[in-house]
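Taking it in order: structure first as structure tokens, then the write-up.
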Amino acid sequence: MQFVQNFPFITIILSLFSGPLCSILGGKKAKRINQAVICIVMVMSCAVLAFVMQSGTSYVYMMGHFPAPWGNEIRVGVLEAFMAVFFCIIMLLCMMGGVYEREQKLEDTKQNLYYVLVNLLLSSLLALIYTNDLFTAYVFVEINTISACGLIMIKQNGRTLEAATRYMIMSLLGSGLLLLGICFIYDLTGHLLMSNIQEQVRILAQTGMYHMPLLVSVGLICVGLAIKSALFPFHSWLPDAYGYSTVSSAAILSSLVSKGYVFLLVKIFFRVIGFDIVCDSKIMNILFVFGIAGMIMGSVSAIQENNIRRMIAYSSVAQIGYIYMGFGLGNTAGVIASLYHILSHAATKALLFVAASGITDASDNHTDFFKLTGAGYRNKLAGIAFTAGSLSMIGIPMFCGFISKLLFAQAGMDNTYKMLPTLIALAISTILNAVYFMKTVIRIYTPVSRKEIQKNGYQNISIKEQPVKSVALILFIILNLILGLCSEPIVAALQSGLGMFA
């Protein structure tokens, strides 16, 4: 075994133990530790990605060198390494984009606690990406939940405490259903390692034994992870959680946390149950219906919102619907489209939250639409960034959102029975996206008189005043364009990774 093959395990342990280290340091030192850990993990993940792409195969890392079924395993391929790199990039940019708000709005005694939570969250996301053990995945789902809840409530005002309570109740409900599903699968197969479970599940499927218990197990897992990733109608906790937490928290929660649960569901489909068995169970039809419902209802709720951050939060409900609709198509093309949309949505939604914070900074911290009039002129870079993110969400060519919708349309064409509903849902959702995002763009670029600016206490914000946030916004825009203009090699990597994944 080459040394680089140890890196996935090292990255999980490094980010996990850097959390307690930050707890005994001051805010500034904890911040440096957090930045260093994210950068080190990103470099290591890049090395792993280069290794698996060069080797052309995935590999298994046995912790303690104990073989299955006694040992715990990490399994690494192109898809896992690619997701680890991408998640690190997004997390680093999210932390850069919210640095000024954290310093201004968080108490000094809570600065280091914030970085503890972020490090634990990074560790849990990496574990969900790499683990080949179903119970280990559940353990890190819980670490992910606790860390995310802490990031929501760390401001400790009435809104965030209420949002964190809702989030915890819904997340624990999802976790309970997930654990029940895992327990049933363990009872049916006698294994917790994913590859071993799949062998036993195929035997059960071929013999027809325990068909209904197996179906119930898959259903419980799907519902549990759907609740945790805010699939409609399990999204009631999401607007407040994203709308009232800090900028970094909202960006990380919307772009990474929900995607970690979705990625775990992909692993369960392909590596635990078997994609063909899941499709035969007709569960995909249910996910397809709820995915389309989420696409439409999330957008309708966003149109009705007058708070810019809650509007972006409701937009996430619609985008999660896209991902589940792709799964519901029941073909590999749909899964590839959903995986690409994970990347697209992560890059775009984090960009929108950070840009929205710049817009509200220039509007005396108001989030109401009518108070944002002309904000695109007062903070030019934030206005440009929000416009770019909006165009991507609508699906304008050159941006990654266009590629996502194109891939979903192509995947829908491969399914005769679901082609028409898919294309109609994409068309309606695109129109609704244009309504609420263009409404906001028009509002921030509507001129306002100097008298009105002075009356409301608005201020101009230049790039020099917030250089770190400005760099984050520029890099987010570049990332969005790279995903949109260089989509072919990215899609090829996803296809190659999914082949190794299965």
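In the set (1) modelled with pLDDT of 85 or more; (2) closer than 29 Å to Ala337 by Cα, Asp414 fails one condition alone, (1). The set of residues in region 436-458 that are surrounded by 12 or more Cβ atoms within 10 Å (Cβ to Cβ) and either farther than 19 Å from Ala355 by Cα or modelled with pLDDT under 70 (or both) comprises Val448, Glu452, Ile453, Asn456, Tyr458. Within region 359-370, is there a residue that is among the small types (Gly, Ala, Ser) and over 25 Å from Val99 (Cα atoms)? There is no residue in region 359-370 that is among the small types (Gly, Ala, Ser) and over 25 Å from Val99 (Cα atoms).
Residues in region 256-289 that are among the hydroxyl-bearing types (Ser, Thr, Tyr) and at pLDDT below 85: Ser281 only. Remark: Ser392 matches the filter, which requires a residue to be in contact with a Gly (Cβ under 9 Å, 6 or more places away or on another chain) and under 30 Å from Gln410 (Cα atoms). Here Ser217 does not qualify as under 26 Å from Thr367 (Cβ atoms), part of a helix (DSSP H, G or I) and either out of contact with any helix residue (DSSP H, G or I) (no Cβ under 9 Å at 6 or more places or on another chain) or not aromatic (Phe, Trp, Tyr) (or both). Answer yes or no as to whether Ala337 is part of a helix (DSSP H, G or I), open to solvent by 10 Å² or more (accessible area, probe 1.4 Å) and within 22 Å of Pro421 (Cα to Cα). When the stated conditions are applied, Ala337 does not pass them.
Scanning region 20-65 for residues that are open to solvent by 60 Å² or more (accessible area, probe 1.4 Å), over 30 Å from Met194 (Cβ atoms) and assigned to a loop (DSSP other than H, G, I, E, B) gives a single hit, Ile24. Taken as a whole, the structure leaves Glu73 outside the set of residues that are of a type in the set (Asp, Glu), out of contact with any helix residue (DSSP H, G or I) (no Cβ under 6 Å at 6 or more places or on another chain) and within 20 Å of Ser23 (Cβ to Cβ). Reported count of residues in region 344-365, each being closer than 18 Å to Leu485 by Cβ and of a type in the set (A, V, I, L, M), is 3. Look at region 353-380: where a residue is more than 14 Å from Ile312 (Cβ to Cβ) and a partner is charged (D, E, K, R) and open to solvent by less than 40 Å² (accessible area, probe 1.4 Å), sitting 6+ places away or on another chain with Cβ atoms under 7 Å, you get Ala362/Arg378; Asn379/Asp361. With respect to being among the hydrophobic types (A, V, I, L, M, F, W, C) and within 16 Å of the chain's Cα centre (by Cα), Val300 falls outside the description. Contact map, region 250-262: first residue in contact (Cβ under 8 Å) with a residue 40 or more places away in the chain and assigned to a helix (DSSP H, G or I), second residue surrounded by fewer than 24 Cβ atoms within 10 Å (Cβ to Cβ) and basic (Lys, Arg), Cβ cut-off under 8 Å, separation 6 or more or different chains; pairs are Ala250/Arg309.
Listed conditions (1) surrounded by fewer than 22 Cβ atoms within 10 Å (Cβ to Cβ); (2) under 26 Å from Tyr130 (Cβ atoms) are all met by Ala230, apart from (1). In region 228-249, is there at least one residue being assigned to a helix (DSSP H, G or I) and more than 26 Å from Tyr436 (Cα to Cα)? Scanning region 228-249 turns up no residue that is assigned to a helix (DSSP H, G or I) and more than 26 Å from Tyr436 (Cα to Cα).
Of the residues making up region 1-54, those that are of a type in the set (S, T, N, Q) and in contact with a helix residue (DSSP H, G or I) (Cβ under 9 Å, 6 or more places away or on another chain) are Gln2, Gln5, Thr11, Ser15, Ser18, Ser23, Asn34, Gln35, Ser45. In the set Phe386, Phe408, only one residue is buried (at least 22 other Cβ atoms within 10 Å of the Cβ), within 21 Å of Ala251 (Cα to Cα) and not acidic (Asp, Glu); that residue is Phe386. Of everything in region 205-222 that is of a type in the set (Val, Ile, Thr) and surrounded by 21 or more Cβ atoms within 10 Å (Cβ to Cβ), the residue that is nearest to the chain's Cα centre (by Cα) is Ile221.
Filtered by the rule that a residue be of a type outside the set (S, T, N, Q), closer than 30 Å to Met194 by Cβ and open to solvent by less than 30 Å² (accessible area, probe 1.4 Å), region 146-170 gives Ala148, Cys149, Gly150, Leu151, Tyr167. Screening the candidates Leu372, Leu381 for the property of being farther than 16 Å from Ile394 by Cα, open to solvent by 10 Å² or more (accessible area, probe 1.4 Å) and hydrophobic (A, V, I, L, M, F, W, C) yields one hit, Leu381. Looking across region 271-310, just one residue is at positive phi and surrounded by fewer than 18 Cβ atoms within 10 Å (Cβ to Cβ), and that is Lys282.
The values are calculated or read from the model by the stated rules, or taken from the named source; none is laboratory data. All values derive from a computational prediction rather than experimental measurement. Reconstructed Cβ throughout: ideal geometry from the backbone, glycine too, with neighbour counts over all protein chains shown. Each accessible area value is taken on the protein alone, full model and side chains, heavy atoms only, with ligands, DNA and RNA left out. Shrake-Rupley method; radii C 1.70, N 1.55, O 1.52, S 1.80 Å.
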